[in-house]
Amino acid sequence: MTVADIQPHLKRMPPPWNSGVPDVQNAVLDQIGEGVCLVDLDRRITFWNRAAERLTGWTRSEAVGSVCSEDFVLHCSADGEVLSEVECPLAAALEDGEARETEMHLLHRGGSRLSVHLRSSPMYDEAGFIIGSVQIFSDNTVKLALFDQVERMKHDLNRDALTGVGNRRFFEREIGAMCNDMVVVGWPYSIVFVDIDHFKAVNDRYGHDAGDRVLRAVAQMLGSVLRPLDVLARWGGEEFVIVAPDLAGKSLRTFAERLRMLFASRDIPAGRERIAVTASIGGTAARPREQWAATLARADRLMYESKTGGRNRVTIA
């Protein structure tokens, strides 16, 4: 429902619109599922439909004749602060004659705040002068709940359920785009591939629950040494990938060696056992105008060189 949809009904209503209005026209506006409020130039309410009663808790008899900014508050911020006249979309529509559409809150009679989608539009007489404003508001609660649900789903889709770090989808969609942007602006970055050595043997000897503990511990260890702009993701299985902006050459090797020594110096608890793990690591800096997928593939090959070269190694190129 839009302002334009109810304009034909409003034009037939003599001011004040609530008095002398045929019952059939009242009935039309009362059937609308959204709140409809009409005000005059003094912001005195002249019409208030049933949906407005339901959404605000104020009855028609209480609302009509009242000045919304004085007798009861229609508009407020998310934290309940009453909006000033300058901020009020209804007052603004009366002032400049411009229609407005926004998301905001209404203060319910009981004190609660209701998120609404609100549309305000000026009303004109036959001579073209503004004589009031119409406001239509609808409950936004379900929409916001669905939005939150979608955001949670997007977060879940981008996070590895076991370790809590980004997953492959997250890397390919979000971090890959970030890498390409860094190439465009000339900001160097490197990709480091980390693979847990002999992980299948860990599962075979200690069980998959222990293997899961190892993966979670590895994710925590890697996360503990990352710099603020570094990004960590689980690529799959026992493989992790790190994007390290503004890192190359000797600094990249030092960073990768630090990761390798972190693995070699710690045992991971698994029940009564403590599991010693090492990692094979490959790292490379992005080349000029190179897409992230090519940099990633090279880091992957370098990691396999570390594995075939004896494991618990770092290979940088």
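At-a-glance table
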{"quantity": "Top-ranked residue in segment 271-296 [being part of a strand (DSSP E or B), of a type outside the set (Ser, Thr, Tyr) and closer than 18 Å to ALA317 by Cβ; ranked as most open to solvent (accessible area, probe 1.4 Å)]", "calculated": "ALA285"}
{"quantity": "Failed item in (1) within 33 Å of the chain's Cα centre (by Cα); (2) in contact (Cβ under 8 Å) with a residue 12 or more places away in the chain, with PRO228 passing the rest", "calculated": "(2)"}
{"quantity": "Restricting segment 74-93 to residues that are surrounded by fewer than 17 Cβ atoms within 10 Å (Cβ to Cβ) and aliphatic (A, V, I, L, M), the residue that is modelled with the highest pLDDT", "calculated": "VAL82"}
{"quantity": "In segment 35-59, the residues that are part of a loop (DSSP other than H, G, I, E, B) and open to solvent by 10 Å² or more (accessible area, probe 1.4 Å)", "calculated": "LEU41, ASP42, ARG43, GLY57, TRP58, THR59"}
{"quantity": "Residues of segment 94-142 that turn out to be among the aromatic types (Phe, Trp, Tyr) and either part of a loop (DSSP other than H, G, I, E, B) or open to solvent by 70 Å² or more (accessible area, probe 1.4 Å) (or both), as a count", "calculated": "2"}
{"quantity": "Qualifying residue in segment 300-317 (condition: closer than 20 Å to THR163 by Cβ, open to solvent by less than 50 Å² (accessible area, probe 1.4 Å) and either charged (D, E, K, R) or touching a Gly at 6+ places or on another chain (Cβ under 6 Å) (or both))", "calculated": "yes"}
{"quantity": "Complete set of residues in segment 183-201 that are in a helix (DSSP H, G or I) and surrounded by 14 or more Cβ atoms within 10 Å (Cβ to Cβ)", "calculated": "VAL183, PHE199"}
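Yes/no per residue for (1) part of a loop (DSSP other than H, G, I, E, B); (2) open to solvent by 30 Å² or more (accessible area, probe 1.4 Å); (3) modelled with pLDDT of 90 or more; (4) not hydrophobic (A, V, I, L, M, F, W, C):
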| site | (1), (2), (3), (4) |
| --- | --- |
| ASN203 | no, no, yes, yes |
| ARG213 | no, yes, yes, yes |
| ALA217 | no, no, yes, no |
| GLN220 | no, yes, yes, yes |
| ARG227 | yes, yes, no, yes |
| TRP235 | no, yes, yes, no |
| ILE242 | no, no, yes, no |
| LEU259 | no, no, yes, no |
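The values are calculated or read from the model by the stated rules, or taken from the named source; none is laboratory data. Owing to the predicted nature of the structure, the values given are computational and were not obtained by experimental measurement. All Cβ positions, glycine included, derive from the backbone under ideal geometry; neighbour counts span all protein chains shown. The accessibility values were calculated without ligands, DNA or RNA, using every heavy atom of the protein model including side chains. Shrake-Rupley method; radii C 1.70, N 1.55, O 1.52, S 1.80 Å.
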